[in-house]
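Following: one structure in structure tokens, then a few remarks.
The values are calculated or read from the model by the stated rules, or taken from the named source; none is laboratory data. Please read these numbers as outputs of a predicted model, since none were measured by experiment. Using ideal geometry, Cβ is built from the backbone for each residue, glycine included, and neighbour counts are taken over all protein chains shown.
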Amino acid sequence: MLSNKGDAAQDDLAPSTSSHESTSRAVSKVKLEKSVVICADILQTDDTERHPDLWFSDGSVVLLAQKILFRVHMSILSRHSIFFRDMFSLPQPSTTPPSYPTTFPTCRGDFDGCPLVHLHDTAEDLASLLNALYDGPKFGNNDREDFRVVSGILRLATKYLIDSLRNRALEHLSIAWPSTLKAWDAREEVAGEYYVDSDEQRFHPSPVHVINLAREVNVPSLLPSAFYDLSRYSFNALLDANNAATAALDVSALSLADTQKLALGKEFAQLAVPSLIRSMATETQPYLAHMQSYPLPAQPRHPQGRGQVRGSCTSAAACRRDVSELVDLATQHYLFDHERGACDPLYVAEELGLLKSAEMEGADCKACGRALEVWAARERERLWRAIPGWFRLETP
Ligand SMILES: [Zn+2]
């Protein structure tokens, strides 16, 4: 476990100046003592095995993670990682046998003539990191399997001070756990396509694992979308350990503080739905009565809706009646029947905005339809901005 996670994150975007390196060196030397054990004893047991792929016959160092041995190159590790560069360049103590490289300080054992370094990481994470270093990172579609790889890379790139790889992993994760509404909608669209063809419960990994990763590697920007995603489950689903469909969410792995944030934020999210429906009833009426021209924001899922609303309501009385009926419908659907999306105010707002869609074939009053879309788009932006506050999250 890192003792000083914050430093790595703050260094993240800093240029590679000498002061940056010297800070990192100081940090990594402290970590070296705790994170790495170089030992021969482990080789007395023969239950270790070589990694089938990450074992290079001309490698110059053997890394041991759990029971798996990786034979790799000091030069490659040093090239990317300030941590390993420092470790391999520490002065050699007198106890080290003379046959060992002079750059390797405290090695008391070897494997195939290479110094052996015992890392306290999972073999899976280390394999993901080494594959990314040797072959370049190959990221997938942010599904659960991809998350196992990317989270391993991010964890170890953070721990071993590999800034470029850390940044690339974060950039990739941010596609699924974004900080803009536009990116959230794109992410929902990807997940939605998956659910059409699959009985699986989730496309993305459990937001619990994303929250814990964000805490571990100190990336608060992943938190709002992850908390929001998690809050869309009912408490019954979140807390019922016998519910196989949601057991995989692994809510018990959340820290107490984050569980409290979830409960707080979930209450706000639920209050947002009746508040939306009330807003629809009151705030769309003036549009209908005095419609002239309203700027439409860009809506990623409905690009044809961009531009200006031109023209005015042609049948104000009928449109007022329409809205009134739609409000009744929404109240019944989301508040009384608690239908799909009832715990997801962003989804509800989008649905409400499309109820009188101007794009619909034979829409009675296109101007009012667009006005409703404008209202929904504004409400969704407002909700999105409110999310970090609901969950009492520090602003990224
Ligand atoms: Zn109208």
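Annotations
- Among (1) under 14 Å from the mean Cα position of the chain (by Cα); (2) within 27 Å of VAL251 (Cβ to Cβ); (3) surrounded by 15 or more Cβ atoms within 10 Å (Cβ to Cβ) - the single one ASN141 does not satisfy: (3)
- Considering residues of segment 317-329 that are touching a residue at least 24 places away in the same chain (Cβ under 8 Å) and farther than 30 Å from ASN236 by Cα only, the residue nearest to the ligand (Cβ to nearest atom): CYS319
- Among the conditions (1) closer than 20 Å to GLY341 by Cα; (2) surrounded by fewer than 22 Cβ atoms within 10 Å (Cβ to Cβ), the only one that ALA176 does not satisfy is (2).
- In segment 58-79, the residues that are without any contact (Cβ under 8 Å) to a residue 40 or more places away in the chain reach residues that are hydrophobic (A, V, I, L, M, F, W, C) and not in a helix (DSSP H, G or I) with C-beta atoms within less than 7 angstrom, at least six apart or across chains, in these pairs: HIS73/PHE56; MET74/VAL61.
- Figure legend. Inter-residue proximity from segment 164-180: first residues in contact (Cβ under 8 Å) with a residue 12 or more places away in the chain, second residues of a type in the set (D, E, K, R), beta-carbon distance below 6 Å, spacing 6+ or different chains. Indicated pairs: ALA176/ARG187.
- Just one of the numbered conditions (1) away from the ligand (no atom under 16 Å from the Cβ); (2) touching a His at 6+ places or on another chain (Cβ under 9 Å); (3) at pLDDT 85 or above is not true of LEU335: (2).
One line per residue, one yes/no per condition, for (1) assigned to a loop (DSSP other than H, G, I, E, B); (2) at pLDDT 85 or above; (3) within 16 Å of the ligand (Cβ to nearest atom):
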{"residue": "THR331", "(1), (2), (3)": "no, yes, no"}
{"residue": "ARG340", "(1), (2), (3)": "yes, no, no"}
{"residue": "CYS343", "(1), (2), (3)": "yes, yes, no"}
{"residue": "GLU350", "(1), (2), (3)": "no, yes, no"}
{"residue": "SER357", "(1), (2), (3)": "yes, no, yes"}
{"residue": "VAL374", "(1), (2), (3)": "no, yes, yes"}
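- Residues (charged (D, E, K, R) and under 16 Å from VAL210 (Cβ atoms)) located in segment 167-177: GLU171
- Top-ranked residue of segment 234-246 - restricted to ones that are small (Gly, Ala, Ser) and at pLDDT below 80, ranked as surrounded by the most Cβ atoms within 10 Å (Cβ to Cβ): ALA245
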